[in-house]
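The values are calculated or read from the model by the stated rules, or taken from the named source; none is laboratory data. Being a predicted model, the structure only gives us computed values, none of them experimental. Every residue, glycine among them, receives a Cβ derived from its backbone with ideal geometry; neighbour counts consider all protein chains shown.
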Amino acid sequence: MAPRKLFVSGLSLLLVVSVAIGVVVAHDNKGGSDGEHEKTVNSMCSGTDEQKLCQETLKDVQANGSDPKAYIAAALEATTKSVIKALNMSDRLSVDHGHKSPGVKMALDDCKDLMEFALDSIEASVNLVQNKDMQGVHEQTPDFRNWLSAVISYQQSCMEGFDEKHDGEAKVKEQLHTQSLDLMGKLTAITLDIVTGFANVLESFGLALDLKPASRRLMQANEVDAEGFPGWMSAADRKLMATGGHHGGRGGHHGGGGGPNAVVAKDGSGQFKTVKDAINSYPNGFKGRYVIYIKAGVYDEYITIPKTAANILMYGDGPTKTIITGHKNFVDGVKTMQTASFANTAPGFIAKSMAFENSAGWAKHQAVAFRNQGDMSAFYDVAFHGYQDTLYVQANRQFFRNCEISGTIDFIFGASATVIQNSRIIVRKPGPHQFNTVTADGTSQKNMATGIILQNCEIIPERELYPDRLTVKSYLGRPWKQYAKTVVMESNIGDVISPDGWAPWEGSQFLDTLYYAEYNNMGPGSNVQGRVKWKGYHPTIDKNQAAAFTVGQFLRAGPSGLADDWLKATGIPFDIGFTKA
């Protein structure tokens, strides 16, 4: 995208957020005293890590203490400006330095894309504040927190793209960090802290809302019906989603023959021979579920679903038959983000009965099979095979059920809200002098609505590792970032997992601030007696604490604030709470 267009898109968003602030101020500008204003600002900023910056950001808000939306909107405006600055700076640095090294160009190109995604998340947040009253904003707090968490995840992914061992990349990274990204991260975190402490914010304004968790109410026309499907979904589409349906017909758009919108077959028996061509067939402005059936075969191609191709359902003939594969990797000079054989950036993506793999092997270091940042995306009967960094759960809410995930180092990693349920986690044989870590969560701020949850999973070694499973060190996870959050619950942990259970990232870094927990696990690797003694590790949590990490509480979304609404619409089975009595 050209620099001018980047600037214009950001400018239009700034106008929207300015209107949001203006509306609130005009609605309630009673000229409260400076003392009251200062007291309000101090109260709102008290729960943030950057109190001075927070106070500076909110000090010029002109509304007095009867509507906190003006203050939230002001925090959003400052955040928006910081994202636009980072976006334009990424573009300028690309022009200035992109020709000097492929690594710098790749990293900056990724940053530009990531800042565009960050603007989308900010825009969703702005629209929420502009279009809802305080009760409505409160009820959609899970969405608000998710969007702000995603902005931080994108900022983080941008920084991670630069190789500090490469002098040219390190210099560009430092410039981008000090002149834009650092402030962007801090301002987003301030807004997130304020939104997370909503009850305290309201108290400081003397307001009392219904602060109980959202309960079920009558469904609106655009929500799911009694069968758990969205109103726009045809009967044929419902049947297809319920069965994972293996339609072989050429089909067409729904409402006609009821088959898939697109059929992919290497032998020419479908409409397309490549998966990429099928995705490119997604019509502009399409509404509803776009169904792509991929017949058995190994598809060696690199694919990214663009953010505009929402609500794609992609299914194959089974994870041992329909396979999308690639071999891009870090050792060969490709940035981690771009090593993915398959990447999804669109909301509402569903995959069923197929496999994604990266065949680069342990010697090639980071090599992603699947990268996902699509909000409210779901996977059923899907295999993800690789070695280091197999499954990159980059941002937003994600659900996996009956899946198989294999790898060596950090093979489930990212900064998203991810629940992996009823799945097989396969630890592979690493290279000499390497150890295995199942997870590496990237939660970097205390109030990010992110973490990796493994529920009712089986953690086992692959056949090749089995003879050496007790000598090769394998861990449930290590903390990629300061507030890494990972919970293993109701799972069967094999003896492949070392008795200490968890590994540090580097020295004693993050061990006090992380949140690692285990609940109601079984199997020879589940004994917590020999576990690490870190301040942030909780070997046993009670049922109430564990409930916070079940699907019903961890993946809440939408105006109803309920996880089961969007998950029912996927047609994928799920347990809303605990899977065991």
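Kindly indicate the residue of segment 432-472 that is of a type outside the set (S, T, Y) and within 16 Å of E506 (Cα to Cα) and also surrounded by the most Cβ atoms within 10 Å (Cβ to Cβ) among those meeting that condition. Restricting to residues being of a type outside the set (S, T, Y) and within 16 Å of E506 (Cα to Cα), the top hit is D441.
All of (1) more than 17 Å from Y516 (Cβ to Cβ); (2) of a type outside the set (A, V, I, L, M); (3) part of a loop (DSSP other than H, G, I, E, B) hold for Y380 with one exception: (3).
Residue by residue, here is whether (1) modelled with pLDDT under 55; (2) out of contact with any strand residue (DSSP E or B) (no Cβ under 9 Å at 6 or more places or on another chain); (3) of a type in the set (S, T, Y); (4) surrounded by 12 or more Cβ atoms within 10 Å (Cβ to Cβ) holds:
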site: G161; (1), (2), (3), (4): no, yes, no, yes
site: T178; (1), (2), (3), (4): no, yes, yes, no
site: L192; (1), (2), (3), (4): no, yes, no, yes
site: A208; (1), (2), (3), (4): no, yes, no, no
site: S215; (1), (2), (3), (4): yes, yes, yes, no
site: W232; (1), (2), (3), (4): yes, yes, no, yes
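When G98, G31, G22, G65 are screened for being modelled with pLDDT under 85 and on the phi > 0 side of the Ramachandran plot, only G31 passes.
Among the residues of segment 293-329, just one is farther than 21 Å from T345 by Cα, in a loop (DSSP other than H, G, I, E, B) and either modelled with pLDDT under 95 or hydrophobic (A, V, I, L, M, F, W, C) (or both), namely A296. Is it the case, given these coordinates, that V487 is touching a helix residue (DSSP H, G or I) at 6+ places or on another chain (Cβ under 9 Å) and either in a strand (DSSP E or B) or of a type in the set (F, W, Y) (or both)? Yes; evaluated as a whole, the condition is true for this residue. Just one of the listed residues (V137, V126) is farther than 30 Å from E169 by Cβ, buried (at least 23 other Cβ atoms within 10 Å of the Cβ) and hydrophobic (A, V, I, L, M, F, W, C), and it is V126.
Just for segment 550-568: of the residues that are in contact with a Phe, Trp or Tyr (Cβ under 8 Å, 6 or more places away or on another chain) and part of a loop (DSSP other than H, G, I, E, B), which one is modelled with the lowest pLDDT?
Across segment 550-568, the extreme among qualifying residues is G558.
Farther than 28 Å from V334 by Cα and either in the same structural domain as T188 (by TED's automatic domain parsing) or among the charged types (D, E, K, R) (or both): is that true of K429 in this structure? Against the criterion (farther than 28 Å from V334 by Cα and either in the same structural domain as T188 (by TED's automatic domain parsing) or among the charged types (D, E, K, R) (or both)), K429 does not qualify.
Quick check: anything in segment 274-287 crowded, with 21+ Cβ neighbours inside 10 Å, hydrophobic (A, V, I, L, M, F, W, C) and in a loop (DSSP other than H, G, I, E, B)?
No, the conditions are met nowhere in segment 274-287.
Between a first residue in segment 113-130 that is hydroxyl-bearing (S, T, Y) and a second residue that is in a helix (DSSP H, G or I), which pairs have beta carbons less than 7 Å apart while being 6 or more apart in sequence or on different chains? Sorted first by the residue in segment 113-130, then by its partner, the pairs are S121/W147; S121/A150; S121/V151; S125/L76; S125/F144; S125/W147; S125/L148. Taken as a whole, segment 456-465 holds no residue that is in contact (Cβ under 8 Å) with a residue 12 or more places away in the chain and under 25 Å from I152 (Cα atoms). Just one residue in the set A346, A351 is among the small types (G, A, S) and assigned to a strand (DSSP E or B); that residue is A351. Might you let me know whether segment 523-534 holds any residue that is surrounded by 13 or more Cβ atoms within 10 Å (Cβ to Cβ) and under 26 Å from the mean Cα position of the chain (by Cα)? No, segment 523-534 has no match at all.
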